[in-house]
Amino acid sequence: MTVRPPEPILHLDMDAFYAAVEALDDPSLAGRPLLVGGAGGRGVVASASYEARAFGVSSAMPMAKARRLCPDAVVRSPRFDRYRQVSAALLDLLRDVTPLVEPLSLDEAFLDVGGSRRLLGEPPEIAAHLRARIHAELGLPASVGVAPNLHLAKLCSQRAKPDGIRHLRREEVSGFLSPLPVRALWGVGEATAERLARFGLRTVADVAAADAGLLRRVVGPAAAGHLAELAAGEDPRTVTPYEPAKSISAEETFAADVDEPEVLRREVLRLAEDVARRLRAEQVATRTVTLKLRYDTFQTVTRSRTLDTPADDGAVLHREATAALAALRLQRARVRLVGVGASNLVPAGAARQLDLLGDDRWSRLERAADAAGARFGAGTVTRVALLEDAPTSGDAAPTSDAWRRVDPGDEPPRP
């Protein structure tokens, strides 16, 4: 019987993933400051190369500010279909090492390699093996944290960047955690950190030494126990290989506020097509379609419509989202952002069985378009209404919680 190693958890995080993929596909970008994101007035940085980060640029920064900090940077619009393709190849590679792989986003995942010791060696050796394969087969850099549990492994991967390994031995946990700021603890966002600081709790060591009653008064009984565990280096979570998608959505932030109904309807059509294509790729269908609008005042509204029969085709999603849009009676209201989402997901096969008597010609046409796109590139087949309509800002960002473990208070993922 193989003894489980004391540090069996890996957290693998690709380095500046979107930017690295762009440089992989265009070698002239290698070694140059590179920004991936929307180039419009409201564009944001989705990913920045380490050459750009040296100028103070970071993910989620307004693109205008990033370009002021790094005027010589090359800017590329995101290509999410390409990033998903590379991510799928990465997951296949990780699953060659262990079936216990939990993807968190396109560019990071947890692995439990406790059962791989006999075949592949100790966890640090497995981490080195993975990084070598990713570099050789995908041409990309990756950083890996090796630790006793998930929380510690993720902290280690952040400190291994760029392109390194950080192995935290069990006996080193206390010394590693103690000097870190409280924001390092999973679930501690800015507001919680400020509350803790008012009571003199600024580091992990402060939290670990705090009276349990004090913690309960500051953050509540449930969060107090959680923080005490993490400050002591404990994390009861396990690697979950697969969690079914809960929702899939896409949204667009316009370069300038939009008040033309036809522009909004066309954008809703494009987003509905994108969400439907991703539903089919995930082999799921939706029971609930949601329209999201953000006005120029930053007020955000959502309207949801429930379907009689689950669907995964763009025509249905577009019909429901457009109906929700019409019901708002905007009357030239100025819109900053529009989004379309799908939730209450079910397996696509079950959805099709519920609609056996329906006309499936449109569904078959959309699947044929999917096949053409897979072979010849995204957008090979599209609707006539979208032929003259390119994304307004280049900021369209697909989102899905199919692969993301949501940690309350986490910073946004940094590609």
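Of the residues 147, 153, only one is crowded, with 17+ Cβ neighbours inside 10 Å, in contact with a Cys (Cβ under 7 Å, 6 or more places away or on another chain) and at pLDDT 95 or above; which? So that I can check it myself, show each step before the final result.
Working: 153 fails: in contact with a Cys (Cβ under 7 Å, 6 or more places away or on another chain).
Result of the check over 147, 153: 147.
What number goes with the only condition from (1) of a type outside the set (A, V, I, L, M, F, W, C); (2) closer than 30 Å to residue 100 by Cα; (3) in the same structural domain as residue 335 (by TED's automatic domain parsing) that residue 241 does not pass?
(3)
Only residues that are touching a helix residue (DSSP H, G or I) at 6+ places or on another chain (Cβ under 8 Å), surrounded by fewer than 22 Cβ atoms within 10 Å (Cβ to Cβ) and under 24 Å from residue 158 (Cβ atoms): list them for the stretch 32-51, please.
Hit for the stretch 32-51 is 44, nothing else.
Each row is one residue, and each column tells you yes or no for (1) basic (Lys, Arg); (2) more than 20 Å from the chain's Cα centre (by Cα).
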| position | (1), (2) |
| --- | --- |
| 209 | no, yes |
| 220 | no, yes |
| 235 | no, yes |
| 260 | no, yes |
| 281 | no, no |
| 287 | yes, yes |
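Counting only residues that are touching a residue at least 60 places away in the same chain (Cβ under 8 Å), surrounded by 14 or more Cβ atoms within 10 Å (Cβ to Cβ) and outside any helix (DSSP H, G or I), how many does the stretch 163-192 have?
6
Output the residues belonging to the stretch 30-40 that are in contact with a Ser or Thr (Cβ under 8 Å, 6 or more places away or on another chain) and either at negative phi or part of a loop (DSSP other than H, G, I, E, B) (or both).
Keep residues of the stretch 30-40 that are in contact with a Ser or Thr (Cβ under 8 Å, 6 or more places away or on another chain), which gives 32-40.
Within the stretch 30-40, 32, 33, 34, 35, 36, 38, 39, 40 qualify.
Looking at (1) modelled with pLDDT of 95 or more; (2) of a type in the set (A, V, I, L, M); (3) over 30 Å from residue 281 (Cα atoms); (4) in contact with a helix residue (DSSP H, G or I) (Cβ under 9 Å, 6 or more places away or on another chain), which is the one condition that is false for residue 54?
With respect to (1) modelled with pLDDT of 95 or more; (2) of a type in the set (A, V, I, L, M); (3) over 30 Å from residue 281 (Cα atoms); (4) in contact with a helix residue (DSSP H, G or I) (Cβ under 9 Å, 6 or more places away or on another chain), residue 54 is out only on (4).
Could you check the stretch 279-289 and list, in sequence order, the residues that are assigned to a helix (DSSP H, G or I) and surrounded by fewer than 22 Cβ atoms within 10 Å (Cβ to Cβ)?
As a first pass, look at the stretch 279-289 and keep what is assigned to a helix (DSSP H, G or I): 279-282.
Within the stretch 279-289, 280, 281, 282 meet the criteria.
Checking residue 84 against (1) part of a helix (DSSP H, G or I); (2) modelled with pLDDT of 95 or more; (3) surrounded by fewer than 20 Cβ atoms within 10 Å (Cβ to Cβ), which test does it fail?
Answer for residue 84: the failing condition is (2).
Residues being over 17 Å from residue 24 (Cβ atoms), assigned to a helix (DSSP H, G or I) and either without any contact (Cβ under 8 Å) to a residue 24 or more places away in the chain or under 24 Å from the mean Cα position of the chain (by Cα) (or both): count how many of those fall in the stretch 116-162.
The number of residues fulfilling the criteria is 16.
For the stretch 193-228, give me each residue that is part of a loop (DSSP other than H, G, I, E, B) and surrounded by 16 or more Cβ atoms within 10 Å (Cβ to Cβ).
Kept after step one, since they are part of a loop (DSSP other than H, G, I, E, B), are these residues of the stretch 193-228: 199-202, 210-211, 220.
Answer for the stretch 193-228, where residues must be part of a loop (DSSP other than H, G, I, E, B) and surrounded by 16 or more Cβ atoms within 10 Å (Cβ to Cβ): 201, 210.
Exactly one of these conditions fails for residue 19: (1) small (Gly, Ala, Ser); (2) in contact with a helix residue (DSSP H, G or I) (Cβ under 6 Å, 6 or more places away or on another chain); (3) within 14 Å of residue 140 (Cβ to Cβ). Give me its number.
Failed condition: (2).
The values are calculated or read from the model by the stated rules, or taken from the named source; none is laboratory data. Keep in mind that what you see is a predicted model, and the values were worked out from it rather than measured. Cβ coordinates were reconstructed from backbone atoms using ideal geometry, including for glycine residues, and neighbour counts include every protein chain displayed.
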